[in-house]
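Student: A single structure is presented below for examination.
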């Protein structure tokens, strides 16, 4: 497709929020060795995307300006580069473009590595498939890899807490946890309590109530595993609610998380907080796509915007009150 152009959205400096996004016409990229050119049918926004714009990991990311954000995509294969064996033009796919700092998804076309791409079955729409990258992989990784939870009903019961359970990562974490032998307590805003219960949570707390702010299980559970999807909760609030070997997996770690982690390592504490940074891989995405195909994992779409309204999608995510995922469809 040499010489042809596409519509894309990028930003050219740190800061600016939704107003910092610029619509441009640029050449369609060409796939290199082991790469796939795809027509993007949907891409999803994760909070890390606009945090990078805000300078969260400045000056490491973005690697250069101008930068086309978003890394979780779904679409159709247009062309394959040299060495690609498992995909052909016309295939429907889900891909991650290489972690939150890779970018490239907020455009009509994108290039993905074959090693980070999976086939998308008809049962999984492009909009929902595009959400199974960073958010769903973070939930899966938190529970199974870092948390050690087995997604099997035959395992001993594990008490799990998911904070901000109505958000992108949280709504996946509740569903995935319930695939195992778990008792799940969740926190969210009052308007989303019924929604989070519908995901399978055994008990749900309004985070604005005294009990919710204290993370107290209504049935007196002590948590073996916490997937913390929010910010601002101190270790002193988590600690009394944990079992003797309870772990808090912090998916948005700040300075206090890393400090507590270091101190707990030095003191051999059995209760601990663990900072998490996940880079999605094809094996995990493929597993999640399979669950979605089988109806065992659902993606809830808060809102969908055309590429021409990317700023509105960006602002919606920044607001921080999305129920499920925010999607842009070129």
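Student: Could you tell me whether any residue of region 278-288 is assigned to a helix (DSSP H, G or I), farther than 30 Å from residue 19 by Cα and free of Cβ contacts under 8 Å to residues at least 12 places away in the same chain? Show your work before the answer.
Tutor: Initial filter on region 278-288 (assigned to a helix (DSSP H, G or I)): 282-288.
Adding the requirement that they be farther than 30 Å from residue 19 by Cα leaves 282-288.
If we keep only those that are free of Cβ contacts under 8 Å to residues at least 12 places away in the same chain as well, we get 283.
Within region 278-288, one or more residues are assigned to a helix (DSSP H, G or I), farther than 30 Å from residue 19 by Cα and free of Cβ contacts under 8 Å to residues at least 12 places away in the same chain.
Student: Is at least one residue of region 221-234 free of Cβ contacts under 8 Å to residues at least 24 places away in the same chain and crowded, with 21+ Cβ neighbours inside 10 Å?
Tutor: Kept after step one, since they are free of Cβ contacts under 8 Å to residues at least 24 places away in the same chain, are these residues of region 221-234: 231-232, 234.
Narrowing further to those that are crowded, with 21+ Cβ neighbours inside 10 Å: none.
Looking through region 221-234, none of the residues is free of Cβ contacts under 8 Å to residues at least 24 places away in the same chain and crowded, with 21+ Cβ neighbours inside 10 Å.
Student: I need a count of the residues in region 291-319 that are within 16 Å of residue 139 (Cβ to Cβ) and in a helix (DSSP H, G or I).
Tutor: Matching residues across region 291-319 total 2.
Student: So, one more: Tally time: how many residues in region 67-101 are touching a strand residue (DSSP E or B) at 6+ places or on another chain (Cβ under 8 Å), in a loop (DSSP other than H, G, I, E, B) and closer than 19 Å to residue 46 by Cα?
Tutor: 6
Student: Output the number of the condition that residue 268 fails; it satisfies all remaining conditions of (1) modelled with pLDDT of 95 or more; (2) at positive phi.
Tutor: With respect to (1) modelled with pLDDT of 95 or more; (2) at positive phi, residue 268 is out only on (1).
Student: Separate question: Based on this model, can you work out whether residue 188 counts as surrounded by fewer than 19 Cβ atoms within 10 Å (Cβ to Cβ) and either within 25 Å of residue 48 (Cα to Cα) or modelled with pLDDT under 95 (or both)? It would help to see each step written out before you state the result.
Tutor: Numbers: surrounded by fewer than 19 Cβ atoms within 10 Å (Cβ to Cβ): no; either within 25 Å of residue 48 (Cα to Cα) or modelled with pLDDT under 95 (or both): yes.
No, not satisfied.
Student: Another question about this same structure. Given the conditions (1) out of contact with any strand residue (DSSP E or B) (no Cβ under 8 Å at 6 or more places or on another chain); (2) within 26 Å of residue 7 (Cα to Cα), which single one is not true for residue 123?
Tutor: (2)
Student: Tell me the residue from 57, 84 that is surrounded by fewer than 23 Cβ atoms within 10 Å (Cβ to Cβ) and either more than 18 Å from the chain's Cα centre (by Cα) or closer than 20 Å to residue 324 by Cα (or both), please.
Tutor: Result: 84 is the single residue among 57, 84 that is surrounded by fewer than 23 Cβ atoms within 10 Å (Cβ to Cβ) and either more than 18 Å from the chain's Cα centre (by Cα) or closer than 20 Å to residue 324 by Cα (or both).
Student: Starting from region 16-35, keep only residues that are in a helix (DSSP H, G or I), then list their pairs with residues that are at pLDDT 95 or above whose Cβ atoms are within a distance under 6 Å, requiring at least 6 positions of separation or different chains.
Tutor: Matching pairs, first to second residue: 18/311; 18/314; 18/315; 20/11.
Student: Sort through 94, 73, 78 and tell me the only one that's modelled with pLDDT of 95 or more and either closer than 20 Å to residue 251 by Cβ or surrounded by fewer than 20 Cβ atoms within 10 Å (Cβ to Cβ) (or both).
Tutor: Details: 94 fails: either closer than 20 Å to residue 251 by Cβ or surrounded by fewer than 20 Cβ atoms within 10 Å (Cβ to Cβ) (or both); 73 fails: either closer than 20 Å to residue 251 by Cβ or surrounded by fewer than 20 Cβ atoms within 10 Å (Cβ to Cβ) (or both).
From the options 94, 73, 78, the qualifying one is 78.
Student: Of these, 161, 143, which one is assigned to a strand (DSSP E or B), on the phi < 0 side of the Ramachandran plot and not assigned by TED's automatic domain parsing to the domain that holds residue 285?
Tutor: Working: 143 fails: assigned to a strand (DSSP E or B).
Within the list 161, 143, the selection yields 161.
Student: Of the residues 184, 174, only one is at negative phi, assigned to a helix (DSSP H, G or I) and in contact with a helix residue (DSSP H, G or I) (Cβ under 7 Å, 6 or more places away or on another chain); which?
Tutor: Working: 184 fails: assigned to a helix (DSSP H, G or I).
Being at negative phi, assigned to a helix (DSSP H, G or I) and in contact with a helix residue (DSSP H, G or I) (Cβ under 7 Å, 6 or more places away or on another chain) holds for just one of 184, 174, which is 174.
The values are calculated or read from the model by the stated rules, or taken from the named source; none is laboratory data. Bear in mind that the values here come from a model prediction, so they are computed numbers and not experimental data. Cβ atoms come from the backbone with ideal geometry, glycine included; neighbour counts cover every protein chain shown.
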